[in-house]
Structures are given as structure tokens and as C-alpha cells.
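Engineer: Sharing a structure, written as C-alpha cells. Questions coming.
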Amino acid sequence: MATKLRARTHRRISPTSESRLVQWILIGIAFVFMAIILLMPLYAVFHEALAKGLNTFFAALVEKDAQAAIRLTLLVAAIAVPLNVVFGLAASWAIAKFEFKGKAFLITLIDLPFSVSPVISGLVYVLLFGAGSFLGPFLKSYGIEVLFALPGIVLATIFVTFPFVARELIPLMQDQGTGDEEAALSLGANGWQTFWRVTLPNIKWGLLYGVLLCNARAMGEFGAVAVVSGKIRGQTTTMPLQVEMLYNEYNATAAFALASLLALLALVTLVLKSALEWRYGDEIAASGK
Amino acid sequence: MEVRVANVRKEFDRFPALHDVSLDIRSGELIALLGPSGSGKTTLLRLIAGLEMPTAGKIFFGDTDASEKTVQERNIGFVFQHYALFRHMTILENVSFGLKVRPRSSRPPAGEIRRRAMELLDLVQLSGLEKRYPNQLSGGQRQRVALARALAIEPAVLLLDEPFGALDAQVRRELRKWLREIHDRTGHTTVFVTHDQEEALELSDRLCVMSQGKIEQVGTPDTVYDHPSSPFVFGFIGESSELPVTVENNELWIGGRAIGVPAGDTPTGQSRLFFRPHDVDLVEGDAALAGVVTTSRRVGGTRRVELEIGGDGHRVEIDLPFDHPAGEKSRIAFRPRRWTLFPA
Amino acid sequence: MSAAVSPAPRKGLSFRQPSVIPGFGLTLGFTISYFSLIILIPLIALAIRSAGLGPEGFWKAATDARVLGALRVSFVTALIAAGINVVFGTLIAWVLVRYRFPGRRIFDAIIDLPFALPTAVAGIALTAIYAPSGAIGAIFAPIGWRIAYTPVGIVIAMIFIGLPFVVRTIQPILEEVSNEVEEASATLGASRFQTITKVILPSLTPAILTGFALAFARGVGEYGSIIFIAGNIPFVSEIAPLLIYIRLQEFNYVGASVIATVMLLISFAMLFAINLIQAWSRRRYGYGH
């Protein structure tokens, strides 16, 4: 009887997999870890935001400073993201379509901001434009405020979101090679026509993917912006900064209400990102991200 | 070790890959499983290995029923098409892996493992490369490492799945000869899968031709080539030409004309004539196959000519000396030297 | 455009291979200028500000007790968090790549949540959960274990933000491990456990090391998700990025620069190590082909 049972199990298990029981145990452990580490915080945001009812929730969102923070966040993203898109397109064109010395090094440099702490990303602009610097007082004499104003926030945001579009497009365009462009040029198209009609359609989903990630980070950036913003209520506080201020003032419900908007943005980003991966997986480079 | 496959059936998600296959593999022989892709040859090999389990039927190693044993317990050596070497291990570590993973009770001492691995590397002519990583070897060298690794566990049966499939033609021919030599020296019962008929004909003691999940014919290369048992085997092994014929008065007829080929004991009625393009005699006179040349091209030392026979547009190919003046539209009469008739 | 149309090789650009595709000068020029303005010049400003102290002054500032304490807290907690992430991240990657179960794709998509969720939002959400009154904090509070406002809280926040780095680094490599290698191991008599520990995991080692380094680097630099949960007690739960922020608030720009420089040097060393690991594994094992 025992040998018969043993033989049965042998029949079912493929030599390159585990028994269903082991599989479910591992899936269970993975799921529990993921749920505690990732799902619970997400749930907590919405739970806390709605803890005192919908009225309090909406009141917190229409409040004057909250509105100003939302507007500022959208404005910063609307400046920083397109700039990084232009950079991403230029960098990936230069790197993917040409062979030149120092290319690998340039690719490494583009990833550099990922290994810089956000606080340092903000700090460098404080050093560049703050008191005791050369540039700060010079610009100030022309009435241009960089620190504790919009330009500083935008600069810090560009710094931290710098690699997103480029690192998405570079492997994708390298994969696609130069055949399409050479074909278009041989058919008489000029450089711009080739870019708009051949290259861009080839990379549009990858570009959208990069923009999505870039935008999520731009709207959510905290550390770098905290350093350069000065946190002037209603003027230089972005949504994440407003969340912090409300939280530190023990106004947790309002903080979580505003945070829930950002969490919603994260969810939308994830959904769109996954949809892009599932539908256009081949047209988005395998960048390991 | 002889291997007996008894009435094995294998289904993948209800899709039958093998129907009721039986095959006796003799101890010490080198047998080829030959067939087009999808014929079930790899599935049969994997069933013998224990990498797949049969839906029905049994597999015996000698007198023991191996169907109840896992792949680990079967003690087989398996060589994969894409080598499947462990990339993070040196060549020596790859070859000794099978001995090192044995339970302590049956594991040879470390020095002995090393000695055996080096011996095998010597056998496959890779001495001196034991410290390299697979990535640093050529395809042919990798496949030899894979073979040494499989031989290290002193397998009861050696199984090779398209072992030369990923190599280029030159290396392929070399390794083919070399595998034969190794087999003659070590005497392992060896089963190898291939879709290359030339490889199978040259290398094997016997071949097993498969098609659509069934065994079509098992026999020595000469038997299978000279006496194919089915139209499929005739067409798959070597070049072939086919014509529909009528049998009457113990003779073959095409389009109302006798072609001078006796029908033997084939019953009267419709039939299919098969012959090899190179196995024909050009004849002058009446009783022959006659056709009009549609294309004629030189292939190395011969001239391959396509003829249209009769008014129904049937075409056959025959080989002529390369300097034969056959041009398009010219008329050629021939008779097959050897042929086979299959029922229509 | 005229230069682009003429295929004649230009001598001045001999460092690149000739190509018929136009726009090399424009795109590479823009890429390098933009990179210099946004990333390079600000980082140089930081280096100059630190260098202004001279080697002795720099050493004194860098080895200040509170600075060393903050660096120790950051690095120790990041090491622990990266270690935990390697274990569970490998498990999650394994489950996601190898097993089929309902909800797998959603599970897979959620792994990227920390990339998308703003750090400040994660910070207040984690604090809400792990505070003594929170869902998990309340479980441990009666037995006297505090998670929030202690270094344990820092580790939790670092696990949150580091997890996707580990999973997303291992996943593609695990997908690449061919089924045949596992079958080969089985035919040679290795048990499933031996196949996993001796064949699969060692071939993942470069990816696991890279994932560890990425998660560690991210943890060390992280600010937003940590400051809410950390408690921020000097020498105990004050992280280095926070100390930079504090120094800035005190207008001690030099002090901030010194800490930032030390952190950057270590980050770049990590980045260098990651590149070495990858180059080494490519050379030896031929991954990435």
C-alpha cells in the first residue's frame, strides 16, 4: 500500500517542479509577506482617510492650502516631465543609433541620480543657489528666486526623475536597431520625417511607459523637494509636503485624505503600467523594471 | 542494459503525442529515433528517461519496471540539444556533479570523483580545459562536456536528444564519428533522437522511424533504406519519387501503357510506385516511363531532372550524369532499377 | 540638415563610427549639456563645498560623533533590510516565475507599488500600522515590543521601498534559467532540493547580489518613508539623510555637504560594485547574451 502511494506521487510530480503542497506553502509565504509589506500600507491610507467620514475627507481636499498644493504638484510635473521626455528622446537617439567611444560610461552616468539620496539631490541646489553661493545672490539681483520657489522645486524634481524616460527608451531603441531609420532615409525622408514617422511610432508604448513612471515619481517626490521648497504654506508646498505638514500638526485625517489622492495616482500608474506590459510587452524594452 | 517500451501512450492535455508504442532496445546497441518534428521521438526519449511519465503502458530496464521510478532513480545519462551545462560551474565541476550529489553512502571519495572526471575529460578529448567555464568553450566542446557529464554516473542507458542539432555542419560530422567511437569503446546502450536521416543512417545500429506518434519501422539502416515498410518511410529516408500506377496482368501501367516493370504479386488495381531518383536506367524503346523535362539543374556531380509523366501532370525526379544533355521540353525514357509498390 | 544629408565622414567626430543617420551632434550635444546642467554641475558644487574644508577639516566633520551615529544607523538598518529583502524577494520572484495560481498577474503588478507610491505616503501609512495603536503595532505593544519610533521601524520602511529592486532584478534571470538545466540535474541523480540549492540558486547569485546592492543603496539614501516611523532620536534612530536635512535647517551648509559627500562616495562605490558584479558574471557565465 505504502509503495503504491509513493509510486502515485511520483507519477504526478514533474522532475522540474515541486509538489502542489510545497508550491502552495511557498505561494502562501510570498503572499503573506507581500500583503503585510505592500498591501497593508495601501489599505491603511484609504482607511485612515475615510476614518472620519466622507464629509471630512472632501473638506480636507477642497481646503485652500490643499488646493494650492495640488495645483503646484501638477504644475511641477507639467514642467519636469516634458523636459525629461525631450532629454530621454535625445539621449536614446544618440546612444541607440550611433556607435561612439564612452557610450557605456554615458549610460551609467544617466542612471547616476538613482544612486543619489533624494535629500542630496535637493541639497546640491541649495549649495548652488543658496546663501553663500555665487549664483543665488546674482540671480536674486535680477529678481529671480530659485530656492524656496518654483524653479528650485522643478530643478530638484527633474534631478530625481532624470533617468526614467531615457533608461526605458535606450534598451528599446537599441533592440530595434537602425534598420528602419536607414530604410526611411534611403526612401528620401529627412531626419525629422524619419523621427516623427518611423522612430516615434516604434517607441510610442515604451515612451508612454517611461512617462508614466517619470510622472509618478515627479508628483510624489518628497525628500529632494522638502530641502529646496522652504515649505511656505499655500505657495511652495507640493502635495507630499502638505501631507507631511498636516501629519506633523496632528491633523492625520486631512493628511491621509491628501495622501489618498497620491495613493490613487500610484494605483492608476500601476494599472496603466501593467496594462501596457500585458498588451505591448514586446514593444516595451525588457529593462528589468 | 536492455530497454523495453511496452504499449506506451502519452497525452499532453488530452493531446495524444504517442499512441501505443512498443519498442525493444537491445543491450549495447546504438539506436536512432528518427522522424519529423511532432512525430513523438523526443517524447519517447523523455519517457524512457523519466522526464515524462506515460499516460498508459510501461517501460522496463532489463527486468525491472522503470515506469514507477523517478528520473533520479533510473540512472540514465541524458544529453540535451542545447547542452544544458551548469554555467556557474567549471568543466570539472560539471562532470563531477552527478557523483557529488549522491548520498554519502554511495558517494565515492573526493579524490576518486576527481580522478574519474579527469578520465572522462580525457575520453572526450578535453584534458586541460577542466578549469574553464562552459561559456568559454565552443559548441562542439560544450556538447562533449555534456556527454562526459552524462557518462560520469555510469548510466544504464545513454539518451541523446538531437545532440548535434545546435552545431554547424562541419562540427556535426566530426562529432558524429567521434560519438560512434566512444560508443564502440564504452558499449553503453544508447538511444539518440534526430531528424537528420543522414546522421541516423551513418551512426546507428538500428533505426526507429516515427511519424505522428507511431513507430513506422524499426530495422538496420540498410533494411530501412532498401525495404521501407510504408510510403512515409520511403519518402522520409532518402530521396524518392512517386507515381500512381495501375496493376494489370502482373505489370504496371501508366496512362494505358505498360512501362516494362513487373508487378510481382501485387493484386490488380490502383497502386503507388516508389523509386529512388538515382536508381534508374535510361532506356530506348517502348516499355518504359517516358516524360518531358520540366526543369533540369546540375547538383554537384549529378543532374537532377524533373519530368512530367503522362497528361495528368504527375512529376517525378530522376538523377542523370551531370553532362547529360537533357534540356527543357526534351523527352526522356527510363525504368527504375529497384522499386516498391504500396497500395493506393 | 545639409551636414546630415552628406554622408562624408567628418574628421572632427572620429570618436564615433560613421552612420547615415542624422542628428548625432544635436542629440549627443543636448544630452551632455542637459546632464551637465542638471546633474554634474550641482554635484561639483557639492564637491567644491566639501573640499573647501581641507582634508583635516573634512575628516573632523565626517567623524563627528553624531554624523557617525547617523551613518551607522543608516547602513546597519539598510543592511538588515536588504538581507530580509533578498530572502523574501527571491522567494517572491520564484513564486511569480515558476508557479501558476489565480491572481498571479495582480500579485506581480503590486510588487511595483513602492516605485509608484510617494514615499511620504508610504511613511505615514507605515507609521499608522506600526505605531502602538496601529493594526500591527497593537499586537506587539502588550509584550513591550515597539516597532514604530525605533530602528525596527526604519528597517520596515526600508523593506517596503527595497523589495521591488530585489524581485525585479532576479525575475528576468530566473526566467532565463532553462528548464533543461534542471532536467539535466535531475537525470544526474540530484534531488529537487539539490537542484535548487546547487544549480538554480548559484546561477542566480549575480542577480541576488545586484538586487541586494540596489536595495541597500536605496535604503541608505531613503528619506520620505523613514522619517515618520523612525522616531529620529540621535545615535539611535536618526538616519544620515535626516541629519543632512537638519544641518541645512541650521544653515550649516558645510556640515550637510560633508555628510552628503560621504554618502555619495559610498553610493558610487556600491554602483561600481554592481557594475563589477554584472561584468564579471557576463564574462564568466555569459548571462545577458
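Engineer: If you put +1 on each Lys and Arg Cβ and -1 on each Asp and Glu Cβ, how big is the dipole of the range C:63-285 around its Cα centre, in Debye rounded to 20? Don't skip to the end; give the middle numbers.
Structural biologist: Values: 15 positive and 11 negative charges, 45 e Å.
Charge dipole, the range C:63-285, about its Cα centre: 220 debye, nearest 20.
Engineer: Now, a different point. May I ask you to list the chymotrypsin sites (Phe, Trp or Tyr not before Pro) in the range C:176-276 that are in a DSSP loop and have at most 16 other Cβ atoms within 10 Å of their Cβ?
Structural biologist: Values: sites: C:Phe193, C:Phe212, C:Phe216, C:Tyr223, C:Phe228, C:Phe235, C:Tyr245, C:Phe251, C:Tyr253, C:Phe268, C:Phe272; in loops: C:Tyr223, C:Phe235, C:Phe251.
When the chymotrypsin sites (Phe, Trp or Tyr not before Pro) of the range C:176-276 are filtered for loop state and at most 16 Cβ neighbours within 10 Å, C:Phe235, C:Phe251 remain.
Engineer: Using the structure shown, list the pairs from A:Lys64/A:Lys140; A:Lys103/A:Lys231; A:Lys97/A:Lys273; A:Lys101/C:Lys198 with a Cα-Cα distance above 32 Å, or answer none.
Structural biologist: Checking Cα-Cα distances, A:Lys103/A:Lys231; A:Lys101/C:Lys198 exceed 32 Å.
Engineer: Once you average over the residues of C:173-180, how many Cβ atoms of partner chains fall within 10 Å of each Cβ?
Structural biologist: Working: counts 1, 0, 1, 0, 1, 5, 6, 10.
What the average comes to for C:173-180 is 3.
Engineer: Then there is this: What FRET efficiency do you get for B:Asp20 and C:Phe15 if R0 is 60 Å and r is their Cβ-Cβ distance, rounded to the nearest 0.05?
Structural biologist: E between B:Asp20 and C:Phe15, to the nearest 0.05, is 0.30.
Engineer: Also, I was wondering about something else. Using +1 at the Cβ of each Lys and Arg and -1 at the Cβ of each Asp and Glu in chain A, identify which of A:Ala68, A:Thr269, A:Pro82 lies farthest towards the dipole's positive end.
Structural biologist: A:Thr269
Engineer: Assigning unit charges at the beta carbon (Lys, Arg +1; Asp, Glu -1) and nothing else, what dipole magnitude in debye, to the nearest 20, does the protein assembly as shown show about its Cα centre?
Structural biologist: For this selection, approximately 2440 debye.
Engineer: Can you give me the distance in nm between label points at A:Val271 and B:Arg107, each placed 7 Å from the Cα along the Cα-to-Cβ direction?
Structural biologist: Here the answer is 5.4 nm between the modelled labels.
Engineer: How many partner chain Cβ atoms sit within 10 Å of a residue's Cβ in peptide A:92-103, on average, as a whole number? Let's see the in-between values first.
Structural biologist: Working: counts 2, 9, 11, 3, 0, 6, 10, 5, 8, 4, 2, 2.
Taking all residues of A:92-103 together, the mean is 5.
Engineer: I'd like the GluC sites (Glu not before Pro) in the range B:230-297 restricted to DSSP loop residues with at most 12 other Cβ atoms within 10 Å, sorted by number.
Structural biologist: Answer by residue number: B:Glu284.
Engineer: Right, next: Leaving ligands, DNA and RNA out of it, rank B:Lys69, B:Lys329, B:Lys100 by accessible area with a 1.4 Å probe, largest first.
Structural biologist: Order by accessible area, largest first: B:Lys329, B:Lys100, B:Lys69.
Engineer: Quick one: Debye curve from the C-alpha atoms of the range C:80-217, no solvent, what's log10 I(q)/I(0) at q = 0.18, 0.19 Å⁻¹?
Structural biologist: -1.02, -1.09
Engineer: Using a Förster distance of 41 angstrom, determine the FRET efficiency expected from the C-beta separation of A:Asp111 and A:Val32, and round it to 0.05. Spell out each step's value before the answer.
Structural biologist: Details: r = 33 Å, r/R0 = 0.81.
Plugging the Cβ-Cβ distance into 1/(1 + (r/R0)^6) gives 0.80.
Engineer: What translational diffusion coefficient, to the nearest whole µm²/s, does chain A have by Stokes-Einstein, given a Kirkwood radius computed over alpha-carbon pairs, a temperature of 37 °C and 0.692 mPa s viscosity?
Structural biologist: My calculation gives 147 µm²/s for D.
Engineer: What residue among A:Ala51, A:Ala224, A:Ala91 shows peak mean-square fluctuation when chain A is described by a Gaussian network model with Cα springs under 10 Å?
Structural biologist: A:Ala51
Engineer: Sorted by average packing, counted as other Cβ atoms within 10 angstrom per residue and highest first, what order do B:111-118, A:53-60 take?
Structural biologist: B:111-118, A:53-60
Engineer: Give the residues of the range C:124-155 whose amide nitrogen is closer than 18 Å to a point set 7 Å from the Cα of A:Leu39 in the direction of its Cβ.
Structural biologist: Under cut-off, by backbone N: C:126, C:129-130, C:135-137.
Engineer: Still on this model: Among the listed pairs B:Lys69/B:Lys131; B:Lys41/B:Lys69; B:Lys177/B:Lys214, which have their C-alpha atoms separated by more than 25 angstrom in this model?
Structural biologist: Flagged as over cut-off: B:Lys69/B:Lys131; B:Lys177/B:Lys214.
Engineer: Give me the mean projected area, in nm² to one decimal, of the convex hull enclosing the Cα positions of the range B:3-235.
Structural biologist: 13.1 nm²
Engineer: Leaving ligands and nucleic acids out of the surface, order A:Trp196, A:Trp24 by accessible area at 1.4 Å, largest first.
Structural biologist: Greatest to least solvent exposure: A:Trp196, A:Trp24.
Engineer: First obtain the Kirkwood hydrodynamic radius of the range B:239-343 from its Cα pairs, then insert it into the Stokes-Einstein equation at 37 °C and 0.692 mPa s, and state the resulting D in µm² per second as a whole number.
Structural biologist: For these conditions, the coefficient is 237 µm²/s.
Engineer: Please list the helices of chain A that count as membrane-span-like by this rule: a mean Kyte-Doolittle hydropathy of at least -1.0 together with Cα atoms stretching 18 Å or more along the helix axis, each helix being a complete DSSP H run.
Structural biologist: Qualifying helices: A:20-34, A:64-97, A:163-176, A:200-220, A:252-280.
Engineer: Once you have the alpha carbon radius of gyration of chain C, what is it after dividing by 2.2 N^0.38 Å, with N set to its residue count? Can you show the working numbers first?
Structural biologist: Details: Rg = 23.8 Å, N = 289, 2.2 N^0.38 = 18.9 Å.
Taking the Cα Rg and dividing by 2.2 N^0.38 Å, one obtains 1.26.
Engineer: Also, quick follow-up: Chymotrypsin sites (Phe, Trp or Tyr not before Pro), restricted to the range C:107-189: which are DSSP loop and have at most 14 other Cβ atoms within 10 Å?
Structural biologist: The qualifying sites are C:Trp145.
Engineer: Here's another thing I want to ask about it. Only Cα pairs within less than 10 Å get springs; with that Gaussian network setup on chain C, which residue of C:Thr197, C:Thr261, C:Thr31 has the largest fluctuation?
Structural biologist: Top of the fluctuation ranking is C:Thr31.
Engineer: Convert 20 °C to kelvin, take the viscosity as 1.002 mPa s, use the Kirkwood radius over C-alpha pairs of the range C:164-289 as Rh, and evaluate the Stokes-Einstein diffusion coefficient in µm²/s, rounded to a whole number.
Structural biologist: Working: Rh = 17.5 Å.
Using the Kirkwood radius from Cα pairs, D works out to 123 µm²/s.
Engineer: Can you list the DSSP H helices in chain C whose Cα atoms extend at least 18 Å along the helix axis and whose mean Kyte-Doolittle hydropathy is -0.5 or higher? Please report the intermediate quantities before stating the final value.
Structural biologist: Numbers: long enough: C:65-98 (48 Å, 1.68); C:151-176 (38 Å, 1.52); C:201-221 (29 Å, 1.22); C:253-285 (46 Å, 1.11).
Correct list, ordered by number: C:65-98, C:151-176, C:201-221, C:253-285.
Engineer: Same structure again: What is the angle, in °, between the Cα long axis of helix B:139-152 and the longest principal axis of the Cα atoms in chain B? Nearest 10 is fine, range 0 to 90.
Structural biologist: Result, in degrees: 60.
Engineer: Let me ask you something else. Report the one residue of A:Met40, A:Ile170, A:Gly152 whose Cα lies farthest in the direction of the positive end of the charge dipole of the protein assembly as shown (charges on C-beta: Lys and Arg +1, Asp and Glu -1; origin at the Cα centre).
Structural biologist: It is A:Gly152, whose Cα lies furthest towards the positive end.
Engineer: With springs connecting C-alpha atoms under 10 Å apart, model chain A as a Gaussian network and identify which of A:Tyr250, A:Tyr209, A:Tyr125 has the largest mean-square fluctuation.
Structural biologist: Highest fluctuation among the options: A:Tyr250.
Engineer: Run the dipole for chain A about the Cα centre, Lys and Arg Cβ at +1, Asp and Glu Cβ at -1, nothing else charged, and hand back the magnitude in debye, nearest 20.
Structural biologist: 980 debye
Engineer: Residue farthest toward the positive end of the dipole of the protein assembly as shown, with Cβ of Lys/Arg at +1 and Asp/Glu at -1: which of B:Val233, A:Val22, C:Ser133?
Structural biologist: C:Ser133
Engineer: Please report, in cubic angstrom per residue, the volume enclosed by the convex hull of the alpha-carbon atoms of the protein assembly as shown. Each step should come with its number before you reach the end.
Structural biologist: On the way: hull volume 240.1 nm³, N = 922.
So the per-residue hull volume is 260 Å³.
Engineer: Follow-up question, since we're still on this one. Can you figure out the FRET efficiency of C:Arg284 with A:Lys103, using R₀ = 25 Å and their beta-carbon distance, to the nearest 0.05?
Structural biologist: Values: r = 23 Å, r/R0 = 0.93.
In this case the efficiency is close to 0.60.
Engineer: Of the heavy-atom accessible surface of the protein assembly as shown (probe 1.4 angstrom), what whole percent is carbon and sulfur?
Structural biologist: 60 percent
Engineer: Work out the P(r) tail for the range C:237-289: percent of alpha carbon pairs separated by more than 18 Å, whole number. Intermediate values should be presented prior to the final figure.
Structural biologist: Numbers: 718 of 1378 pairs.
Of all Cα-Cα pairs in the range C:237-289, 52 percent lie more than 18 Å apart.
The values are calculated or read from the model by the stated rules, or taken from the named source; none is laboratory data. Fair warning: this is a prediction, and the values are worked out from it, not measured in the lab. As a convention, Cβ positions derive from the backbone with ideal geometry for all residues, glycine included, and neighbour counts pool all protein chains shown. Side chains included, ligands, DNA and RNA excluded: accessible areas come from the protein's heavy atoms. Shrake-Rupley method; radii C 1.70, N 1.55, O 1.52, S 1.80 Å.
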